[in-house]
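Below you'll find the structure, written out as structure tokens, and then a few comments.
The values are calculated or read from the model by the stated rules, or taken from the named source; none is laboratory data. Just so you know, these numbers come straight off a predicted model, no measurement behind them. Cβ placement follows ideal geometry from the backbone for every residue including glycine, while neighbour counts extend to all protein chains displayed.
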Amino acid sequence: MLQILIKRSLTVAALGFVFAFLMADFSASTRAGASFDEQDQNGNPPAEQTVEQKYKNIQVLKGMPVSQMRPMMSYISASLGTTCGACHVKNGDNWEFDKDDKKAKQTARKMIQMTMDINKNFFQGKLEVSCQTCHQGQDHPAGVPPLPRVMPKEEPKSNEPWPTPQQILAKYTQAVGGKEAIEKIKTSWLKGTSVAANGQSFPLEIHYASPDKLSLNVSLPQGATTQKLNGQSGWLKNAREDRAMDNVEVVRAKDLAWSLEPLQLKEPYPRLTFGGVEKIGDRACDILRMTLPDKRRVRFYFDKESGLLVRRIVLTETPIGLDPEQTDYEDYREVDGVKLPFTIRTSYLDTFSSSTRKFAEVKSNAQIESAQFNLPAAKQ
């Protein structure tokens with residue numbers, strides 16, 4: 001019955017699912033999150049707006065936090081292999097997201113509603129069915145299995161007992177350099193290059209203080225781009241804008257700061273479960289899973305042989321699927337008795353945000369003035 005429902009719905013409006021911009025009309029000039037003059041006396045941002053409070057013409061996703069809009073758009077774009085223009089109207093350089101001129105946008109609302117209904121009625125509200133389930137990178141889902149059929153290879157089962165999370169983390173801590181050496185590192189100064197998704201490289205410098213204090217500067221031809229993170233708030237400054245980070249940007253900055261920690265998981269360890277073994281390239285990796293306080297899900301991949309962390313995947317829930325953020329750690333080198341990755345690759349479904357940071361110099365416990373992390377004063 002479920003298969004019939006999905007097939008009929010997709011037959012009627014397969015193209016419509018192409019890009020979740022479809023259901024919302026959000027102005028390209030607006031942004032999520034609060035500026036510093038909107039914060040309360042304790043520096044905390046106000047309650048996050050919902051999409052219908054922020055944007056026009058919201059019909060299906062009412063009640064969804066504004067911060068989920070961008071990840072959801074990127075998720076559907078990647079799942080269907082399309083861009084905004086598949087469903088949205090653009091006049092010259094201006095997007096008119098509120099318009100429903102294109103049929104694909106109109107049918108997309110039905111497809112997103114269908115997906116949410118299937119998960120609600122057949123999977124107790126769990127995100128089991130999404131655009132990726134059927135589309136897998138194509139605007140039209142494939143209805144016929146490809147030939148010749150390739151049979152899956154059966155891997156021989158190992159009789160070795162699975163390692164416990166504590167055993168994996170103990171090996172990881174020892175591989176990095178040991179608890180005592182790691183705990184001595186409080187600040188880091190990193191210098192190298194930032195490689196954009198299109199292959200262009202630019203000089204990069206990062207100052208970091210544990211936890212969640214970050215100052216990043218990338219030298220671009222049109223001028224420097226600076227990001228600052230200080231706890232729960234952040235700031236962006238470049239040739240085009242000078243403003244507080246929105247919610248998504250703060251989360252991404254915190255994840256970057258997290259990736260610079262000498263040890264990604266510290267005692268007391270959170271609740272972790274063993275997630276099996278997978279290969280990354282030719283390296284077998286033990287997987288540990290956990291859920292963050294903000295309900296995002298995380299998978300850590302540890303090289304079975306070296307014990308080092310080689311990948312971290314963070315999954316953010318949206319109404320129609322899980323939006324992944326992947327961080328890969330490569331080229332470990334020893335700095336003051338601790339092994340640190342000199343290459344960190346961060347990949348998003350929004351490829352424009354993906355980048356590779358290659359460090360040529362890393363100094364631990366560098367003298368970093370606390371003023372490096374100060375954010376602009378509140379506007380009067």
Residue set LEU263, LEU256, LEU315; condition in contact with a helix residue (DSSP H, G or I) (Cβ under 6 Å, 6 or more places away or on another chain) and surrounded by 15 or more Cβ atoms within 10 Å (Cβ to Cβ); output residue LEU263
Counting just the residues of region 56-69 that are surrounded by fewer than 22 Cβ atoms within 10 Å (Cβ to Cβ) and touching an Asp or Glu at 6+ places or on another chain (Cβ under 8 Å), which one comes out nearest to VAL248 (Cα to Cα)?
SER67
Report yes if GLN132 is touching a residue at least 60 places away in the same chain (Cβ under 8 Å) and more than 30 Å from ALA104 (Cα to Cα), otherwise no.
no
Give the number of residues within region 79-104 that are of a type in the set (Val, Ile, Thr) and under 19 Å from ILE320 (Cβ atoms).
2
Of the residues ASP331, ASP336, which is acidic (Asp, Glu), loosely packed, with under 15 Cβ neighbours inside 10 Å and touching a Phe, Trp or Tyr at 6+ places or on another chain (Cβ under 8 Å)?
ASP331
Considering only region 266-287, state which residues are under 24 Å from ARG357 (Cβ atoms) and crowded, with 18+ Cβ neighbours inside 10 Å.
CYS285
Which of the residues belonging to region 180-216 are closer than 12 Å to LEU263 by Cα and in contact (Cβ under 8 Å) with a residue 12 or more places away in the chain?
ALA181, ILE182, LYS184, ILE185, LYS186, SER210, PRO211
Can you list residue pairs whose Cβ atoms sit under 8 Å apart, with the first residue in region 259-273 being within 27 Å of LEU190 (Cα to Cα) and the second being part of a loop (DSSP other than H, G, I, E, B)? Count only pairs 6 or more apart in sequence or on different chains.
GLU261/SER210; GLU261/PRO211; PRO262/GLY177; PRO262/ILE185; LEU265/LEU272
Can you list the strands (runs of 3 or more DSSP E) found entirely within region 164-268 that contain at least 3 residues being among the hydroxyl-bearing types (Ser, Thr, Tyr)?
187-196
Per the filter on region 115-171, residues more than 26 Å from the chain's Cα centre (by Cα), of a type in the set (D, E, K, R) and either in the same structural domain as VAL310 (by TED's automatic domain parsing) or surrounded by 14 or more Cβ atoms within 10 Å (Cβ to Cβ) (or both) are LYS171
Could you tell me whether any residue of region 81-91 is of a type outside the set (A, V, I, L, M, F, W, C) and in contact with a His (Cβ under 7 Å, 6 or more places away or on another chain)?
no
